[in-house]
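The values are calculated or read from the model by the stated rules, or taken from the named source; none is laboratory data. Computed from a predicted structure; not experimentally measured. Here the Cβ positions follow ideal geometry from the backbone for every residue, glycine too, while neighbour counts run over all protein chains shown. For accessibility, only protein heavy atoms count, side chains too; no ligands or nucleic acids. Shrake-Rupley method; radii C 1.70, N 1.55, O 1.52, S 1.80 Å.
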Amino acid sequence: TKPLPNVVVQVASSGIGDPRIQAWGKVCRQLFVWDYWVDFKHFVQPYPNYFHLGPNIQWYHANGVSGMYAEGDGWGSGGELDALKTYLILEMMWDTTQVPELLMAEFAEAYYGEGGVFVEQYMETMHQALLDAHPYNLTTGGSNDAPTAPFLRPGALLTAVSLLKQGTAVTTTELRRQ
């Protein structure tokens with residue numbers, strides 16, 4: 001099926017490699033993606049998808065996506081690194097040629113000040129914990145009501161808490177500490 005030029009096809013996607021994106025991107029003029037970037041069942045639980053958001057957006061763009069709805073922290077503040085993720089997604093949607101890691105570092109320094117380097121180390125710790133739990137995949141809140149995930153191992157969590165405490169200790173303003 002080839003849609004008329006005035007038809008927008010929208011796909012709820014799970015990111016890089018989604019065959020529906022590749023197929024629709026070849027035949028339609030306006031392809032939009034509805035993407036999810038939080039765990040809706042366990043909203044404040046760590047959700048280390050930071051290093052996947054930018055590449056996903058770049059992949060969408062390369063495969064014909066012309067619009068995107070990134071559903072995330074819509075219920076208020078408190079989701080893990082919600083401000084950083086929002087900044088990254090908006091910047092990448094604006095210009096997909098940017099380097100996501102540089103955008104995250106830029107944001108961490110501007111938003112968290114002196115503690116930004118510890119936030120970046122926290123992100124790396126959580127991301128590595130996710131990789132170590134392979135073949136576990138992040139979900140957006142399935143049928144399991146227990147707020148658990150295999151990557152949330154004691155060692156990674158203790159390191160993460162220590163890094164965030166160190167970042168808080170060196171931050172000079174109350175706003176940034178919050």
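Miscellaneous remarks
- W75 being modelled with pLDDT of 95 or more, open to solvent by 60 Å² or more (accessible area, probe 1.4 Å) and farther than 18 Å from L138 by Cβ: no
- Residue list for region 31-76, restricted to those being charged (D, E, K, R) and either without any contact (Cβ under 8 Å) to a residue 40 or more places away in the chain or on the phi > 0 side of the Ramachandran plot (or both): D35, E71, D73
- Hits in region 95-131 (condition: out of contact with any helix residue (DSSP H, G or I) (no Cβ under 8 Å at 6 or more places or on another chain), part of a helix (DSSP H, G or I) and of a type in the set (D, E, K, R)): E106, E124
Each row is one residue, and each column tells you yes or no for (1) touching a Lys or Arg at 6+ places or on another chain (Cβ under 8 Å); (2) at pLDDT 90 or above; (3) under 30 Å from V11 (Cβ atoms).
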residue	(1), (2), (3)
Y69	no, yes, yes
L88	no, yes, yes
E109	no, yes, no
G113	yes, yes, no
E120	no, yes, no
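- Residue in region 81-94 that is over 30 Å from P3 (Cβ atoms) and assigned to a loop (DSSP other than H, G, I, E, B) present: yes
- Residue within region 128-146 that is closer than 30 Å to N63 by Cα and among the charged types (D, E, K, R) present: yes
- Within region 14-42, being open to solvent by less than 40 Å² (accessible area, probe 1.4 Å), out of contact with any Pro (no Cβ under 7 Å at 6 or more places or on another chain), assigned to a loop (DSSP other than H, G, I, E, B) and among the hydrophobic types (A, V, I, L, M, F, W, C) holds for W37, V38.
- Among residues of region 48-73, those that are more than 23 Å from T125 (Cα to Cα) and not hydrophobic (A, V, I, L, M, F, W, C), counted: 9
- Qualifying positions in region 45-66 - aromatic (F, W, Y), closer than 20 Å to I21 by Cβ and open to solvent by less than 40 Å² (accessible area, probe 1.4 Å): Y60
- A single entry from E109, E120, E91, E114 fulfils the requirement of being of a type in the set (D, E) and under 13 Å from the mean Cα position of the chain (by Cα): E91.
- Qualifying residue in region 110-117 (condition: of a type in the set (A, V, I, L, M, F, W, C) and closer than 16 Å to A160 by Cβ): yes
- Here region 78-121 is the region considered, the condition is being closer than 30 Å to G64 by Cβ and among the β-branched types (V, I, T), and the residue that is surrounded by the fewest Cβ atoms within 10 Å (Cβ to Cβ) is T97.
- Checked against (1) part of a helix (DSSP H, G or I); (2) open to solvent by 60 Å² or more (accessible area, probe 1.4 Å), Y69 meets all criteria but (1).
- Being outside any helix (DSSP H, G or I), within 14 Å of the chain's Cα centre (by Cα) and over 22 Å from L175 (Cα atoms) is a description that applies to P48.
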